[in-house]
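The values are calculated or read from the model by the stated rules, or taken from the named source; none is laboratory data. From a predicted model like this one, the values you see are computed outputs, not experimental measurements. Please note: Cβ atoms are built from the backbone with ideal geometry, for glycine as well, and neighbour counts cover all protein chains shown.
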């Protein structure tokens, strides 16, 4: 069993890798003001960015789904890793050698399973790349050269060659300390009839498939010889680190261009990605042995910072199969806020063949000459009908009108309704416009797809309907004041942020977490009972358990989160640590003093009211001896309250 990682090493890893550098490997971040960054949450679908990263505090928090934490929490959540695997990944990235409590440094046997599988793939990728230079790989080099790829292109994309023998890679990985079980689990090897593992890929050209961070998680292998009875392309099977529906080939190379240009180009194969990149279309990516689907959409939306100014371009062959694939892509159109377009390659050529036949410029022109996907879908539907008959025109209208009704922009929707009337040859343009408007209205009212047409739903304003769209339709005021998380049993009630007391308590706790020097040392004298919202009272106790604000240092937030009694409070801490203050300017001592006074004054007034009631009840029973000290205490508090109102923080 692996030993526990040394606490000092965990701390060193947390401090060594900036959280914004880690998060930006998965999604595009933009300035959110106050030193924070914002992007689309990787943990739930959303249309407006609510995922906030605070580089100065090393924390993230999503105000939409309430996920939050530090760098290690993010890596654990986004890549489904254990704590130790997350530490090991970031340690490798930072060049930190880990120590384990049971003695020694990071031995291979002590690494997490996922880390071991990733390491096996990294070594295998290097092994295969080296084999491409050998005599046996001549057939692979010839395959690449025939498609316009030289040795430099192969190196850039990490293309390699798997020797034709049974166990070349298996023996190589054994020499690197990997067990037979690890090789089989990784998908690099498979059990033979004799029970001994053999190489999965043999005598094939290989493309390493990397995740968005650049880690090799699988391979795509192309058949080269006629005597190979396997499929044309053989991919890594589903493993703990490789899920074909959740990877995009080339995303590690394309993500920065996609984010910068606001455009992704989806092609069909590995060589198409290579051809596009070498031709200057460096935002090209491809799926890996599966059709483009919902999980791929999520990846692209995060990288694009999905909005109406961004674009996804699908490229397909111009044949019937390509047109069918394009219409399938149209089914995902409403999952993007981005525009979706299609580029049909001429003569049935794919981008690789187009580059070989007509050069780099032809590939760039292919992408630049794209057509909006809904325009292509409308034309494709109309062309299936005989427009020389009234029946054909009517059928075409009923199938094409729902497509037009799904267009998000109302002005563009109207323009294409007019254009549809022209395509159909229907003289009564207003009839077609009204039919489209009727379908769009029904969709808005019912929250469902317009009747007929391709089976994708639309909701208000042409947005995607159903549970996905409904989850995105959040009240506008939410962007102004994030909603508090809902607390379960033992965590206290949901917070009512309309309460002035709760708002000011929240603001004071934010200052204590974000700018402890502004509220020190006064804050440390506040009791948990001065916070009327139960979750805030628990958070105040966690701050006290972490040593208070007076001696806060670089590890203060980590100590507060560690002192939280459960994940609910821990999430609240992260939320308040990254939430912007309620004022537009930077908080200063004056503002901090106002919050300190407001919370203390509320507590004083509450105590005054309590003592007043006690004294009146005693005096009603003629217990004047008992009420005298209560009255004295009451007078003291009233004087203290007057001082707070008149002198502010100076009276604390």
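Applying the set (1) crowded, with 20+ Cβ neighbours inside 10 Å; (2) part of a helix (DSSP H, G or I) to residue 245 leaves exactly one unmet item: (1). Among the residues of the stretch 373-413, the one identified as within 31 Å of the chain's Cα centre (by Cα) and over 23 Å from residue 441 (Cα atoms) is 376.
Restricted to the stretch 1-48, and to residues there that are more than 26 Å from residue 297 (Cβ to Cβ) and part of a strand (DSSP E or B), the residue that is farthest from the chain's Cα centre (by Cα) is 5.
Taken together, 537, 598, 546 contain a single residue that is crowded, with 20+ Cβ neighbours inside 10 Å and in contact with a helix residue (DSSP H, G or I) (Cβ under 9 Å, 6 or more places away or on another chain), which is 546. The number of residues in the stretch 340-352 that are surrounded by fewer than 21 Cβ atoms within 10 Å (Cβ to Cβ) and either without any contact (Cβ under 8 Å) to a residue 60 or more places away in the chain or not assigned by TED's automatic domain parsing to the domain that holds residue 297 (or both) comes to 5. Considering every residue within the stretch 54-69, establish whether at least one is at pLDDT 90 or above, touching a helix residue (DSSP H, G or I) at 6+ places or on another chain (Cβ under 6 Å), surrounded by fewer than 19 Cβ atoms within 10 Å (Cβ to Cβ) and closer than 19 Å to residue 577 by Cα. There is at least one residue in the stretch 54-69 that is at pLDDT 90 or above, touching a helix residue (DSSP H, G or I) at 6+ places or on another chain (Cβ under 6 Å), surrounded by fewer than 19 Cβ atoms within 10 Å (Cβ to Cβ) and closer than 19 Å to residue 577 by Cα. Could you tell me whether any residue of the stretch 174-194 is under 36 Å from the mean Cα position of the chain (by Cα), closer than 27 Å to residue 271 by Cα and part of a strand (DSSP E or B)? Yes, the stretch 174-194 has at least one match. Checking residue 234 against (1) buried (at least 19 other Cβ atoms within 10 Å of the Cβ); (2) closer than 26 Å to residue 255 by Cβ, which test does it fail? For residue 234, the exception is condition (2). Counting only helices (runs of 4 or more DSSP H) that sit completely within the stretch 540-647, those holding 2 or more residues that are in contact with a strand residue (DSSP E or B) (Cβ under 8 Å, 6 or more places away or on another chain) correspond to 556-563, 567-578.
Quick one: which residue in 89, 122 is touching a strand residue (DSSP E or B) at 6+ places or on another chain (Cβ under 7 Å), outside any loop (DSSP other than H, G, I, E, B) and either modelled with pLDDT under 90 or not assigned by TED's automatic domain parsing to the domain that holds residue 30 (or both)?
Details: 89 fails: touching a strand residue (DSSP E or B) at 6+ places or on another chain (Cβ under 7 Å).
Matching residue, one of 89, 122: 122.
Among the residues of the stretch 341-374 satisfying the criterion of being modelled with pLDDT under 85 and assigned to a helix (DSSP H, G or I), which is farthest from residue 270 (Cα to Cα)? Checked the stretch 341-374; the qualifying residue farthest from residue 270 (Cα to Cα) is 374.
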